[in-house]
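The values are calculated or read from the model by the stated rules, or taken from the named source; none is laboratory data. Note that this is a predicted model, so its numbers are computed, not measured. FYI the Cβ positions are ideal-geometry reconstructions off the backbone, even for glycines, and counts take in every protein chain you see. The area values use the complete protein model at the heavy-atom level, side chains included, leaving out ligands, DNA and RNA. Shrake-Rupley method; radii C 1.70, N 1.55, O 1.52, S 1.80 Å.
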Amino acid sequence: MAQSNLTPLDRALSLIADVPDYPKPGILFKDITPLLADGIGFGVVIDEFARSIRSLNKKVDAIVGIESRGFILGGAIAKALEIGFVTVRKPGKLPRDVYRKEYALEYGFDALELHKDLLDPSDNVIIVDDVLATGGTALACHDLVEITGAKVVAHLFMLEIEFLQGRKMISDTHSEVGIISLLKA
Ligand code: AMP
């Protein structure tokens, strides 16, 4: 398709670069930095995320962003919706009392942490990250948020790598949650 026939959203998403064999052989890394560097494209994507959240017609109190690219997207979405932004970080980065959720990787494990006092049972949140791959990270973040009693309304991703079946991994344990991705690859 000629570049001029693309919608603004399709043009923006076409800026995501494929990087073969990064960070290791066999991985096709989806690099969103060219999209972030494009002022119009970045704005179009944030507007689309905000529109998707509004169209859920649900009370949303905060955006939860997963370190680190989820911070860039989530912060901008929270600003667009005029709601709070909550950081979920890799271990050892947060200075006060945290909840912690460990999750399995191909080899070994990783963990995510959340400051204990940022969410409570009255909160409805949306979790944001750039890429949905196996779903392990998003599921761990979901479980971490639920420790606080807050409810996860939906997961938002810029891009979903379908063959890795992350959508199934999340919905197998949380069948009620919305899963929205702007692009499937
Ligand atoms: P997963 O837990 O397997 O769903 O992996 C999701 C997390 O790893 C997200 O935070 C992504 O930023 C990152 N990630 C996994 N696979 C890729 C990929 N192919 N390209 C870019 N980021 C990826």
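The figures follow:
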quantity: P(r) tail fraction, region 27-139 - alpha-carbon pairs more than 21 Å apart, %; calculated: 42 percent
quantity: Segment Lys93-Tyr107, length gained on full extension (0.36 nm per residue, minus Cα span); calculated: 2.8 nm
quantity: Vicinal HN-Hα couplings computed from phi for region 120-125 (Karplus, 6.51 cos²θ - 1.76 cosθ + 1.60; Hz; Gly/Pro x); calculated: 9, x, 7, 8, 10, 10
quantity: Estimated 222 nm signal from helices in the chain, with DSSP H stretches of n ≥ 4 weighted -39500 (n - 2.57), rounded to 500; calculated: -9500 deg cm²/dmol
quantity: Segments 153-161, 97-105 sorted - mean Cβ within 10 Å per residue, highest first; calculated: 153-161, 97-105
quantity: Where the chain is the region considered: accessible area per residue in Å², 1.4 Å probe; calculated: 51 Å²
quantity: Region 91-168: C-alpha gyration tensor shape, a/c 1.5 cut-off, then a/b vs b/c; calculated: oblate
quantity: Rounded percent of accessible protein surface that carbon and sulfur make up, region 3-184, 1.4 Å probe; calculated: 53 percent
